[in-house]
Amino acid sequence: MSDETVLPSDPPARKQQQRSVVTQQKLLDAAVEAFSENGFKGTSTRDIAERAGVHHPLITYHFKNKDQLWRAAANYIFKAFTRSLAQSLEQNKEMCPKARMSEMIYAYVRYAKSQPALHKVMVQEASYPNPRLDWLIERHLKPLFDATIGLLVELQKLGVAPPGNPALLFNMIRLSSGGLLALGNELKASSGLDVDSPETLKAIAEMVIAVFLPGEMPDDWKQKSAA
């Protein structure tokens with residue numbers, strides 16, 4: 001087959017591929033919004049298609065069914081979340097344990113603000129046992145726990161973090177750092193807290209650090225950092 005035969009068909013193929021990518025992104029954005037607001041059972045694929053502004057059959061074309069679309073939407077928000085935390089840990093690996101955990105808390109707050117559906121989806125799925133919750137834990141939440149718990153245990157041994165069950169401490173930090181932002185509308189109405197304000201976001205991170213990492217690093221760590 002000659003180049004003259006192949007080349008004219010390439011631009012339409014690329015345009016079709018680009019349209020497909022745009023459609024998938026629209027469906028993912030709409031699915032994240034719908035599932036976080038109404039949960040899996042309360043969301044229909046027709047509602048998602050309407051939010052995305054696309055024809056309903058395109059959902060089955062791109063994602064097969066509602067369950068596959070839910071998993072794709074969850075991957076979309078949780079992969080970016082875990083990537084932001086992993087980047088924080090990597091970028092600050094030369095810092096002392098308290099500074100590393102503090103920077104990760106700031107990263108957590110920033111991402112939770114940019115993607116409030118993160119905790120809304122977790123709340124929706126955690127309200128009753130179901131296969132999606134099992135999948136979410138195994139795929140995204142457990143790896144986050146495994147990557148962080150060792151640092152918290154070290155901070156407890158150093159007297160920086162309070163004693164007690166480190167798994168409970170981990171989840172209290174996690175929910176305080178991000179869970180508050182999922183309740184933004186309620187907090188504003190009941191307490192006058194504006195979670196859209198940069199000052200409030202900074203205050204949330206600083207208070208979480210002050211409450212859950214109240215101790216100072218030992219002198220030998222300070223000397224090591226200064227060297």
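The values are calculated or read from the model by the stated rules, or taken from the named source; none is laboratory data. Please read all numbers here as calculations on a predicted model, not as lab measurements. Glycine also receives a Cβ, built like all others from the backbone with ideal geometry; neighbour counts cover every protein chain displayed.
Do we have any residue at all in the stretch 214-222 that's in a loop (DSSP other than H, G, I, E, B) and either in the same structural domain as V32 (by TED's automatic domain parsing) or farther than 24 Å from S88 by Cβ (or both)? Walk me through how you get there before you give the answer.
Kept after step one, since they are in a loop (DSSP other than H, G, I, E, B), are these residues of the stretch 214-222: 214-218.
Cutting the leftovers down to either in the same structural domain as V32 (by TED's automatic domain parsing) or farther than 24 Å from S88 by Cβ (or both) gives us none.
Checked the stretch 214-222: no residue is in a loop (DSSP other than H, G, I, E, B) and either in the same structural domain as V32 (by TED's automatic domain parsing) or farther than 24 Å from S88 by Cβ (or both).
Within the stretch 157-179, residues that are assigned by TED's automatic domain parsing to the domain that holds L213 and touching a residue at least 24 places away in the same chain (Cβ under 8 Å) have Cβ atoms under 6 Å from residues that are loosely packed, with under 15 Cβ neighbours inside 10 Å and part of a helix (DSSP H, G or I) in these pairs: F170/I149, counting only partners at least 6 apart in sequence or on another chain.
So which of L201, L213, L158 is under 26 Å from A73 (Cβ atoms) and either within 17 Å of the chain's Cα centre (by Cα) or surrounded by 15 or more Cβ atoms within 10 Å (Cβ to Cβ) (or both)? Talk me through it step by step, then tell me what you get.
Working: L213 fails: under 26 Å from A73 (Cβ atoms); L158 fails: under 26 Å from A73 (Cβ atoms).
Only one candidate passes the filter, namely L201.
Checked against the criterion of being surrounded by fewer than 20 Cβ atoms within 10 Å (Cβ to Cβ), outside any loop (DSSP other than H, G, I, E, B) and under 19 Å from the mean Cα position of the chain (by Cα), the candidates E90, E50 yield just one match: E90.
Table: residues versus (1) free of Cβ contacts under 8 Å to residues at least 24 places away in the same chain; (2) not assigned by TED's automatic domain parsing to the domain that holds T200.
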residue: T60; (1), (2): yes, yes
residue: W70; (1), (2): no, yes
residue: R83; (1), (2): yes, no
residue: K93; (1), (2): yes, no
residue: E103; (1), (2): yes, no
residue: Y106; (1), (2): no, no
residue: Y111; (1), (2): no, no
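Identification of helices (runs of 4 or more DSSP H) wholly contained in the stretch 115-201 with 2 or more residues that are of a type in the set (K, R) yields 142-157.
Among Q17, Q25, Q68, which is surrounded by fewer than 20 Cβ atoms within 10 Å (Cβ to Cβ), in a helix (DSSP H, G or I) and either modelled with pLDDT under 90 or in contact with a Leu (Cβ under 6 Å, 6 or more places away or on another chain) (or both)? Please lay out each step first, then the result.
On the way: Q25 fails: either modelled with pLDDT under 90 or in contact with a Leu (Cβ under 6 Å, 6 or more places away or on another chain) (or both); Q68 fails: either modelled with pLDDT under 90 or in contact with a Leu (Cβ under 6 Å, 6 or more places away or on another chain) (or both).
Going through Q17, Q25, Q68 in turn, just one is surrounded by fewer than 20 Cβ atoms within 10 Å (Cβ to Cβ), in a helix (DSSP H, G or I) and either modelled with pLDDT under 90 or in contact with a Leu (Cβ under 6 Å, 6 or more places away or on another chain) (or both): Q17.
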